[in-house]
Amino acid sequence: MRNRTDRAYTTYSNKMEEFEVPKPPRTNYLNAEYGLKSWLLTKDHKRIALLYLGAISFFFFIGSLYAMVIRLELLTPQGDLVQSSTYNKVFTQHGIIMVFFFLIPSIPATLGNFLIPMMIGAKDLAFPRINLLSWYIYILGGIVTIYALLAGGVDTGWTFYVPYSTTFSNTYVIAAGLGIFINGFSSILTGLNFIVTIHTMRAPGMTWYRLPLFVWSHYATSLIMILGTPVIAITILLVALERLAHIGIFDPAAGGDPILFQHLFWFYSHPAVYIMVLPAMGVVSELIANFSRKNIFGYKFVAFSSLAIAVFGFLVWGHHLFVAGQSVYAGLIFSFLSFAVAIPSAIKVFNWTATLYKASISYDTPMLYALGFIGLFTVGGMTGLFLASLAVDVHVSDTYFVVAHFHYIMVGGTLFGYLGGLHYWWPKISGRLYPEGWGRFSALVIYVGFNLTFLPQFVLGYMGMPRRYHTYPADLVSWQVLHVLSTAGASILGVGLLIPLFYLTWSMRYGQIAAANPWNLPGLEWQTASPPPTENFLTTPVVTHEAYEFALPEHKQIVGKFERQKSVET
């Protein structure tokens, strides 16, 4: 019987070298047990991550269908596809699904769940049963929310502003709110699990300053999850009580204050933006360092900027209330703080750029997503400064300028980070390689489609097109031209997002078998087999190097091309 050896070939200084990589074990986390029960009752963090991946992909598909209806409606100014009441439900349900059931859990629940124990040298998360419980809570919240959407929908906007949501709406506000309320506990449990795991289960030698930046970003994200999510849960509970019992918390006639709801809602929901984007920043930090083959520039600054974002994120909610009647003095303070929160984000962007300077960059699919993230997040951040300015915000508030801004952050940031990380760690997750050519092509299509979708919306907003309207004046031809461009871009974006779905699914069965370390990197997650065994490591690793230690000769090569990894038999 012939022995099978996996070898990876790399090119450096025009010289072909080869290095041994561990042969994948026969038993791994995917085939250790079989049957539906083994998945639904698993306590393996890697399997739970895949359960989340499937559920989140489903909700992303549902949210994308609502987005498609929105863009088709706005092709023409007449509002001739759906009625205004239906359109209100469509954009509300698009926002609820995308924000609460895709963007917030996307990276932490999938990549975070899968990778954090391996990155710190642990065998699992600190509380495996709680980890599984968090998935069931997420599914329960999703089922309740889907019920609300199918039973008649909700038309308040994803922000549930009072008094409309508490007094006037005749839709399923309480059912949708209950789904979000339940889902919040999933976030709290996940954040708790990550914090305890990072504090108590690091391998020998894994000091705080040797942690990958992916772990730092998830630590900061977990703090926001634990501290912020209870606020939105209580806020939604108050909306339900107001709607059912008319207790008067938000009703001026009973001594309440409707603006109080906005303060409570945005006290969570602006930090929630950082729940979405901080994990993506962690992914990008990994990709920039590893595909430029350089230690990250200013490691401690990048690490502590994640914590700074988490702290400052709780201090800027008032910029959502610039036109809601808060005092000018409060507006000035929140404007200043909103400018200040850009500083730690800018530190990350500048340090990533400095890392890329004079680097030997490999333009593989994950790196394309990382570079796309930097460009799109920069546009989103810079336009955020426009909205942080009181004078400009008064003009563009509640217009498509705001829609474009937060999509550049949420989609251009979170989605690009999610896709980049998914491609980067796909060999570790599946044990297979995806077709690199298709990966690069889809990344380009998604980038072009995204910009064609949302760049015109900045112009629309500046010209005065309000958000959440399904009609607009027919004589404003320039508005329709911009909407047509946006809808065309959304079509391209949709096709681009379907391509990875097909080739990643295809690769799970037909893709080339991945080596344990196809990128030739020093991180702990690459020092175990692909796919990993259930216990991650056969022996507890001892860490003796820094987070991005490329000084060793075997890690200094310009490597990473999937095309260069060969499987041979001897």
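The values are calculated or read from the model by the stated rules, or taken from the named source; none is laboratory data. Treat the numbers as computed from the prediction; the structure is a model and nothing was measured. We place every Cβ from the backbone using ideal geometry, glycine too, and count neighbours over all the protein chains shown. For accessibility, only protein heavy atoms count, side chains too; no ligands or nucleic acids. Shrake-Rupley method; radii C 1.70, N 1.55, O 1.52, S 1.80 Å.
For residue 531, state whether it is touching a strand residue (DSSP E or B) at 6+ places or on another chain (Cβ under 8 Å), at pLDDT 90 or above, in a loop (DSSP other than H, G, I, E, B) and under 30 Å from residue 32 (Cα atoms). For residue 531, the condition - touching a strand residue (DSSP E or B) at 6+ places or on another chain (Cβ under 8 Å), at pLDDT 90 or above, in a loop (DSSP other than H, G, I, E, B) and under 30 Å from residue 32 (Cα atoms) - is not met.
When residue 92 is tested against (1) touching a residue at least 60 places away in the same chain (Cβ under 8 Å); (2) open to solvent by less than 30 Å² (accessible area, probe 1.4 Å); (3) over 23 Å from residue 403 (Cβ atoms), exactly one condition is not met: (3).
Among the residues of segment 252-272, those that are in a helix (DSSP H, G or I) and open to solvent by less than 30 Å² (accessible area, probe 1.4 Å) comprise 261, 262, 265, 266, 268, 269, 270, 271, 272.
In this structure, does residue 159 turn out to be out of contact with any strand residue (DSSP E or B) (no Cβ under 9 Å at 6 or more places or on another chain) and assigned to a loop (DSSP other than H, G, I, E, B)? Taking the combined requirement at face value, the residue satisfies it. Being open to solvent by less than 10 Å² (accessible area, probe 1.4 Å) and in contact with a helix residue (DSSP H, G or I) (Cβ under 6 Å, 6 or more places away or on another chain) is a property that does not hold for residue 431. When the test is whether a residue is free of Cβ contacts under 8 Å to residues at least 12 places away in the same chain, open to solvent by 20 Å² or more (accessible area, probe 1.4 Å), in a helix (DSSP H, G or I) and on the phi < 0 side of the Ramachandran plot, residue 241 passes it.
Listed conditions (1) modelled with pLDDT of 95 or more; (2) assigned to a helix (DSSP H, G or I); (3) not hydrophobic (A, V, I, L, M, F, W, C) are all met by residue 434, apart from (2).
Within segment 54-84, the set of residues being open to solvent by less than 30 Å² (accessible area, probe 1.4 Å), under 19 Å from the mean Cα position of the chain (by Cα) and without any contact (Cβ under 8 Å) to a residue 40 or more places away in the chain comprises 63 only.
Of all positions in segment 494-511, at least one carries a residue that is over 19 Å from residue 396 (Cβ atoms) and not in a helix (DSSP H, G or I).
Quick one: would you say residue 128 is modelled with pLDDT of 95 or more, in contact with a Lys or Arg (Cβ under 6 Å, 6 or more places away or on another chain) and closer than 21 Å to residue 45 by Cα? Taking the combined requirement at face value, the residue satisfies it.
So that you can scan it fast, the table gives a plain yes or no per residue for (1) touching a residue at least 12 places away in the same chain (Cβ under 8 Å); (2) farther than 28 Å from residue 304 by Cα; (3) of a type outside the set (Val, Ile, Thr):
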{"site": "327", "(1), (2), (3)": "no, yes, yes"}
{"site": "338", "(1), (2), (3)": "yes, no, yes"}
{"site": "348", "(1), (2), (3)": "yes, no, yes"}
{"site": "351", "(1), (2), (3)": "yes, no, yes"}
{"site": "355", "(1), (2), (3)": "yes, no, no"}
{"site": "369", "(1), (2), (3)": "yes, no, yes"}
{"site": "378", "(1), (2), (3)": "yes, no, no"}
{"site": "390", "(1), (2), (3)": "yes, yes, yes"}
{"site": "414", "(1), (2), (3)": "yes, no, no"}
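Residue count for segment 541-558, restricted to those that are at pLDDT 90 or above and surrounded by fewer than 17 Cβ atoms within 10 Å (Cβ to Cβ): 1. Does segment 186-195 include one or more residues that are under 20 Å from residue 236 (Cα atoms) and not polar (S, T, N, Q)? Looking through segment 186-195, at least one residue is under 20 Å from residue 236 (Cα atoms) and not polar (S, T, N, Q).
Residues satisfying the criterion are absent from segment 389-396 (criterion: assigned to a helix (DSSP H, G or I) and surrounded by 23 or more Cβ atoms within 10 Å (Cβ to Cβ)).
With the requirement that a residue be among the aromatic types (Phe, Trp, Tyr) and under 17 Å from the mean Cα position of the chain (by Cα), what does segment 187-234 give you?
At the first step, the residues of segment 187-234 found to be among the aromatic types (Phe, Trp, Tyr) are 194, 208-209, 214, 216, 219.
Matches in segment 187-234: 194, 214, 216, 219.
Given the structure, is residue 419 touching a Pro at 6+ places or on another chain (Cβ under 7 Å) and either surrounded by 16 or more Cβ atoms within 10 Å (Cβ to Cβ) or of a type outside the set (Val, Ile, Thr) (or both)? When the stated conditions are applied, residue 419 passes them. Entry remark, segment 286-333: residues being of a type in the set (Ser, Thr, Tyr), touching a helix residue (DSSP H, G or I) at 6+ places or on another chain (Cβ under 6 Å) and open to solvent by 10 Å² or more (accessible area, probe 1.4 Å) number 0 in total.
Taken over segment 256-296, the residue count meeting the criterion of being over 23 Å from the mean Cα position of the chain (by Cα) and under 20 Å from residue 322 (Cα atoms) is 8.
Once segment 157-197 is narrowed to residues that are of a type in the set (A, V, I, L, M) and over 20 Å from residue 228 (Cα atoms), the residue that is most open to solvent (accessible area, probe 1.4 Å) is 174. As a summary of the residue check, residue 382 satisfies the conditions (1) touching a Gly at 6+ places or on another chain (Cβ under 9 Å); (2) open to solvent by 20 Å² or more (accessible area, probe 1.4 Å); (3) farther than 15 Å from residue 447 by Cβ except for the one numbered (1). Is segment 518-534 home to any residue that is hydrophobic (A, V, I, L, M, F, W, C) and open to solvent by 30 Å² or more (accessible area, probe 1.4 Å)? So far as segment 518-534 goes, no, none of its residues is hydrophobic (A, V, I, L, M, F, W, C) and open to solvent by 30 Å² or more (accessible area, probe 1.4 Å).
Filter segment 445-486 down to the residues that are among the polar types (S, T, N, Q) and farther than 21 Å from residue 376 by Cα, then identify the one that is surrounded by the fewest Cβ atoms within 10 Å (Cβ to Cβ).
478
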